[in-house]
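K.L.:
Please see the structure below; I have some questions.
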């Protein structure tokens with residue numbers, strides 16, 4: 001039987017990335033999950049970032065910043081690359097599509113949150129969803145919504161109240177709201 005050889009560079013990189021994952025993995029996933037519309041996408045981004053960290057472990061320079069900042073930078077760039085590669089066309093509540101995902105962190109987060117909100121809205125009963133969309137996305141008053149939907153203003157207010165309550169619970173469950 002031949003002896004197993006250990007490549008000190010690869011072995012060092014693997015230990016380095018395992019430690020990064022142990023120390024920062026939960027925070028990396030949490031960050032990605034808040035910005036990605038899908039749990040699988042967040043997992044994919046973190047896994048891909050760890051592979052990049054493993055391949056480029058020799059580029060980490062403690063003189064330039066902390067290990068945590070370095071790995072978060074890789075995750076952020078990987079998330080942007082993931083959005084670009086997928087060329088996702090997220091449907092927003094008003095039916096418009098976002099043709100390209102912006103590169104700015106705040107814009108990415110807004111698009112991801114809009115997608116999660118759209119998903120949560122889709123789970124609401126139609127009578128709740130319609131008054132929420134009319135109110136918040138079309139900017140209509142309770143009276144205008146009542147006229148448009150052919151229901152009393154009091155019913156609009158009631159449906160809005162209970163619909164928002166259900167929507168809030170759904171968004172809390174997804175980690176968008178706390």
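K.L.:
Which order do peptides 154-160, 47-53 fall in by mean Cβ count within 10 Å, highest first?
P.N.:
47-53, 154-160
K.L.:
Label region 7-86 by shape, choosing from rounded, prolate and oblate, from the square roots a ≥ b ≥ c of the eigenvalues of the Cα gyration tensor; if a/c is under 1.5 it is rounded, and otherwise prolate applies when a/b is larger than b/c, oblate when it is not.
P.N.:
prolate
K.L.:
Something else: Got a sec? How would 54, 70 order by Cβ neighbour count within 10 Å, fewest to most?
P.N.:
In order of increasing Cβ crowding within 10 Å: 54, 70.
Rule-based calculations on the coordinates, nothing more; no lab input. Please read all numbers here as calculations on a predicted model, not as lab measurements. We place every Cβ from the backbone using ideal geometry, glycine too, and count neighbours over all the protein chains shown.
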